[in-house]
Amino acid sequence: MRKKDNLLAHSSSFLQEIKKHQRDAFRTLGPAGIITVLGFVITFFFIEPAPPRSLVLATGPGEGNYYKTGLAYAEFLKQKGIDLRVLETAGSLENFNLLINDEDVDLAIVQGGATPAGFDKSAVESLASLYLEPVWIFHRPALELSSLRDFSKLRISVGDVGSGTQALAELLFEENGVSSADGATRFINAGATESIEMLERGEVDAIVLVVSPQAPVIRQLLLQERYRLFNFERQDAYSKRFGFLESVTIERGVIDLNMDLPRRKLSLIAPYANLVATPSMHDALIPLLLDAATIEHFSGGLIMNAGELPSLIGSEFGNNEVAREYIKHGPSLFQRHLNFWVASLIDRAKIMLIPLIALLFPLIKLAPPIYRWRIRSRIYRWYAILKGMDQRLSNSSTLERQKFGLQLLEMESELSELDVPLSYMQEFYNLHLHIDLVKRRLKEVERVDSTA
């Protein structure tokens, strides 16, 4: 009797037990959800952090095209919530030094052929080649110069110290056997404006400029009859030997049709201006930078056709993987249609799909049998009570049988109010039948007892 009473006391009411089926789905899937969330939290520490809201771009002198390009990028990025600080520098050589030694500088525009001697090229990655700027060598008209070899023993202005012009000019002359080491040839460092003034005063014999055909200084020099422009007759040879150089042709009159500038077709060589960054550059910002570059340089200009730049050609450095994908396939679906910050979050969170799939798939497969077990285990606990009643009926007292009858009535009453899922109706009706069976046996025992 005590054992049976303990069993009844430790079992909650039948109605309360079965009505919990609506919460069982949550309780069954709850652990799966918790495990999945935990997987997300752990994975979160392995995904790339959110992109910074500010960048520093090293460019060149304030009057140069690199600096103006940087300002155009800054204006575009400002609309996306990114603050791009454009740093004015002496040129490419200083930019390389800043990329390596100044942790605040994230990226730079550098000129092809300006890489310092001994520079570790793995320290930077190329994001894109942006545009071409031809090499212009103006000299005194009295000089007959058909090859760079003929510049030996002349005074040549090769650009500011630390500029890409200096590095490229010295490289080209050295390749042709012209060097200041002979004592007769002099390389003089001066900016574009100062170089022109020195040429006018006769203080130098030639000047080297690396600027766009649209630059006012080129128009100014082409108009002067007292200067001659060196023509690169072996332009294709230079482009074959150096991947960062391109053979370009400036058509007659393309700079100014009215003034017929230039007055003859020009054969020149042009280095690519490259956008480079350190490997620590946040991946999410690279498509944004290339968006700015595409808008700024897509039209091409007097040298390149529209759509040819930005590109992956013409760089001395390894191409950044994200930049390669962007230039090859364009921006991602998220980047095309969503806000930058939202797209960045989704792109970074894609890695979290791995634990989601790995955890949820097996857990979801386990959920239905677990759910069925939970529902049936509650029903089967009442079978334990019925079994206890059935086993004790033959030897029960009148008082015990009265308690059994009340318990069976209570179970039937609760069953009549219960809303059971259709998938569990078999267990529901089986329980009804077995309650009825125990009731009949109880009546039979009482009948036998009353006639004894």
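No lab work stands behind these numbers, since they all come straight from the coordinates. Quick caveat: nothing in here was measured; it's all calculated off a predicted structure. Glycine gets a Cβ as well: all are built from the backbone with ideal geometry, and neighbour counts include every protein chain shown.
Some observations on this one:
- Violating pairs (Cα-Cα greater than 32 angstrom) within the set Lys78/Lys121; Lys78/Lys265; Lys265/Lys328; Lys240/Lys265: Lys78/Lys265; Lys265/Lys328
- Annotation note: trypsin sites (Lys or Arg not before Pro) in the stretch 66-113 located in DSSP loop regions with a Cβ neighbour count of at most 16 within 10 Å are Lys80.
- Additional length obtainable on full extension of the chain from Phe428 to Ser299, 0.36 nm per residue less Cα span: 38.9 nm
- For the stretch 115-145, the residues whose amide N sits under 13 Å from a probe point set 7 Å from the Cα of Thr278 along the beta carbon direction are 123-125.
- 5 Å-binned pair-distance histogram of the stretch 65-331 (Cα, whole percent): 1, 6, 12, 17, 19, 17, 12, 8, 5, 2, 0, 0
- Taking the fewest neighbouring Cβ atoms within 10 Å as the starting point, the ordered list for Tyr227, Tyr66 is Tyr227, Tyr66.
- Set of the stretch 76-110 residues, backbone N closer than 18 Å to the point 7 Å along the Cα-Cβ line of Ser180: 90-94
- Taking Cβ atoms as reference points and 10 Å as the exclusive limit, the residues near Val178 contribute a net charge of -3, counting Lys and Arg as +1 and Asp and Glu as -1.
- Theoretical gain in end-to-end length, Arg447 to Ala117 [0.36 nm per residue, Cα-Cα removed]: 107.6 nm
- Simple label model, 7 Å out from Cα along Cβ direction - Tyr383 to Asp83, nm: 7.1
- Each of Glu63 and Asp104 was given a label point 7 Å from its Cα along the Cα-to-Cβ line. The distance between the two points is 2.7 nm.
- Zero-based 5 Å bins, Cα pair distances in the stretch 217-311, whole percents: 3, 11, 16, 18, 17, 15, 10, 6, 4, 2, 0
- Net charge over other residues, Cβ less than 15 angstrom from the Cβ of Leu84 (K, R count +1; D, E count -1): -2
- Fewest-first sequence of Ser146, Ser315, Ser157 by Cβ atoms within 10 Å of each Cβ: Ser146, Ser315, Ser157
- Size-normalised alpha-carbon gyration radius of the stretch 113-206, reference 2.2 N^0.38 Å: 1.19
- Ranking of Ser163, Ser152 by count of other Cβ atoms within 10 Å, fewest first: Ser152, Ser163
- Counted charge near Ser122, where neighbours are those whose Cβ lies closer than 15 Å (Asp, Glu -1; Lys, Arg +1): -3
- Of all aspartates and glutamates in the structure, the ones whose alpha carbon falls short of 12 Å from that of Lys80, not counting any fewer than 8 places away in one chain, are Asp291.
- Contour excess over end-to-end distance, with Cα ends at Val254 and Ala72 and 0.36 nm allotted per residue: 63.0 nm
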